[in-house]
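The values are calculated or read from the model by the stated rules, or taken from the named source; none is laboratory data. Remember, it's a predicted structure, so these values are computed and weren't measured experimentally. Here the Cβ is made from the backbone with ideal geometry for all residues, glycine too, and neighbour counts use every protein chain on show. Just so you know, the surface numbers come from the protein's heavy atoms only, side chains and all, with ligands and any DNA or RNA stripped out. Shrake-Rupley method; radii C 1.70, N 1.55, O 1.52, S 1.80 Å.
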4 protein chains.
Amino acid sequence: MIVIGVIGSGDEVKELNTLAEEVGFEIGRSGSVTLNGGLGGVMRASAMGAKRAGGLTIGFLPGLDPAQTNPFIDIPVPTGLGDMRNFLIVRASHALIAIGGGFGTLSEIAIALKMKRPVIGVKTDILIDNVLCVESPKRAVSTALSLIK
Amino acid sequence: MIVIGVIGSGDEVKELNTLAEEVGFEIGRSGSVTLNGGLGGVMRASAMGAKRAGGLTIGFLPGLDPAQTNPFIDIPVPTGLGDMRNFLIVRASHALIAIGGGFGTLSEIAIALKMKRPVIGVKTDILIDNVLCVESPKRAVSTALSLIK
Amino acid sequence: MIVIGVIGSGDEVKELNTLAEEVGFEIGRSGSVTLNGGLGGVMRASAMGAKRAGGLTIGFLPGLDPAQTNPFIDIPVPTGLGDMRNFLIVRASHALIAIGGGFGTLSEIAIALKMKRPVIGVKTDILIDNVLCVESPKRAVSTALSLIK
Amino acid sequence: MIVIGVIGSGDEVKELNTLAEEVGFEIGRSGSVTLNGGLGGVMRASAMGAKRAGGLTIGFLPGLDPAQTNPFIDIPVPTGLGDMRNFLIVRASHALIAIGGGFGTLSEIAIALKMKRPVIGVKTDILIDNVLCVESPKRAVSTALSLIK
């Protein structure tokens, strides 16, 4: 199965959550798995969108308590690794879609690029060479899928 | 979704593989997810059994190369953690079924008991208090499911 | 520098702490580094002994807060890995000395044996082939040093 | 003991190695521990400088083989975590000095900033708010030490 990682902050920002939900919906509609960090904000919204499309969702949680996951995650993995779990999200994903910004998202993007995973940015203010920035969630998912070898 | 971890050696031992395949089949038949280390031996056989029953399979690989997974794993997670990935298998599982023995299996059992996850042993020569030893794969899976809170 | 890992429970058991302090003292006296999990019980006592002998001490803590280390650790490493940090203790040690028992100690011993590190047991009730059980702390450290290639 | 992490690429770039050696020398001269990734380039050079000043050096290696460390590391820790070991370097350091650039360095800087560790940049082309850029190795170390609470 194709796994698309969705990265972005856990802060609740309405505009970003709306984008994330559409990204998750498109991933689910394509039959791919949505993988994220299992918490709130972009993580919750993308999982919610994926479930609306009938997709499978996996969340790699920072803590040890599976109950801390959002209710749209089918398979919570309480890694107990803290932010280090970002590495696992990158490693398990065939491509990643970054929504919004922040240092956490930046470190995930840098990790993904070092591991040569395709990274597509939507509404991200992080401008790094090799991050393909697109305008719409639909375009983000189709680009991600087209870049997977 | 309920996740049952299957732990056991990667060595190819016919008797253990037969048991592992039946364990995987029963997990899949129950609608639960089969999680293991993604390689050969007990890991390959249990994933094969799970797929025969139409179940979902996840493999937490020790290395970084997803291609090293066995062909019955739907979602390979190339953790790059080496044997440390055993901790993640324990953490992500609601209950664990141990098949056979060896130091790797022993360390996983010890980790699982320390995290208070139920551990059911089938044909294991590892005798530790708190590991419930049962005779058949069917019994192992039904016991595991009954112990999940 | 030679690094000797000391493994054992964080529970305060007077008899085990006395042994651990002597083990640490002997490691320090030999000019080797004492590495442990940085918390209480056997970890605190072995670090205290090592410092009494002027040795260097390193603690791989389970949490993220370096302040949780005991005061005899020169270099606390707040791994944030939980019990998974046991793997790092094993990997960084040339040999390991296990004091007492419990599931945590058992899992560390199993990990060490799988990685082919020498393990010496003092007052441990864990009877596993390949764990050399000796009577005194002095003998434990001299045996550990003699087994390092 | 104060631990200063030195981050930078393993590529051999003469100009950066010269800076790294001076950074290591200043850390060692201050009585602090030099912590890095244990390999070549900036990691080798900073450890070499630290040893010239009589300082203690620790290397958190990506692989499992301690022999892959450079000869100036007193205590190699073969983490087996791959690039994930960057997190441990950040977590164990009171402050970090970044030399040069690249995606690996960028991800370490982002991780450090998320964990609120002071980051000082020398000759880095990575321009991020909150990274203090200074001109000389001496200034980098004195700034790092002054920022540690």
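Here are the numbers:
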{"read-out": "Test for C:Val6: is it in contact with a helix residue (DSSP H, G or I) (Cβ under 6 Å, 6 or more places away or on another chain), within 11 Å of chain D (Cβ to nearest Cβ) and either within 28 Å of A:Asp83 (Cβ to Cβ) or outside any helix (DSSP H, G or I) (or both)", "value": "no"}
{"read-out": "Subset of the range B:66-79 [surrounded by fewer than 19 Cβ atoms within 10 Å (Cβ to Cβ) and either more than 10 Å from chain A (Cβ to nearest Cβ) or among the hydrophobic types (A, V, I, L, M, F, W, C) (or both)]", "value": "B:Ala67, B:Gln68, B:Pro71"}
{"read-out": "Hits in the range A:109-138 (condition: touching an Asp or Glu at 6+ places or on another chain (Cβ under 9 Å) and of a type in the set (D, E, K, R))", "value": "A:Lys114, A:Lys123, A:Lys138"}
{"read-out": "From the options C:Gly38, C:Gly59, residue that is free of Cβ contacts under 8 Å to residues at least 40 places away in the same chain, small (Gly, Ala, Ser) and under 20 Å from D:Pro62 (Cα atoms)", "value": "C:Gly59"}
{"read-out": "Some residue of the range C:42-59 being open to solvent by 20 Å² or more (accessible area, probe 1.4 Å), more than 27 Å from D:Arg91 (Cα to Cα), away from chain B (no Cβ under 14 Å) and over 10 Å from the mean Cα position of the chain (by Cα)", "value": "yes"}
{"read-out": "Near pairs, Cβ below 7 angstrom, 6+ apart or cross-chain, from the range B:10-29 (under 21 Å from B:Pro62 (Cβ atoms)) to any residue that is modelled with pLDDT of 95 or more and open to solvent by 30 Å² or more (accessible area, probe 1.4 Å)", "value": "B:Gly10/B:Leu39; B:Gly24/B:Met48"}
{"read-out": "Residues satisfying the stated conditions in the range D:99-116, i.e. of a type in the set (D, E, K, R) and either part of a helix (DSSP H, G or I) or crowded, with 19+ Cβ neighbours inside 10 Å (or both)", "value": "D:Glu108, D:Lys114"}
{"read-out": "Contacts under 7 angstrom Cβ, first residue in the range A:98-109 being more than 19 Å from A:Ser136 (Cα to Cα), partner open to solvent by 10 Å² or more (accessible area, probe 1.4 Å) and among the basic types (Lys, Arg), 6 or more apart", "value": "A:Phe103/D:Lys114; A:Gly104/D:Lys114; A:Ser107/D:Lys114"}
{"read-out": "Residue among C:Leu96, C:Leu16 that alone is assigned to a strand (DSSP E or B), on the phi < 0 side of the Ramachandran plot and touching a helix residue (DSSP H, G or I) at 6+ places or on another chain (Cβ under 7 Å)", "value": "C:Leu96"}
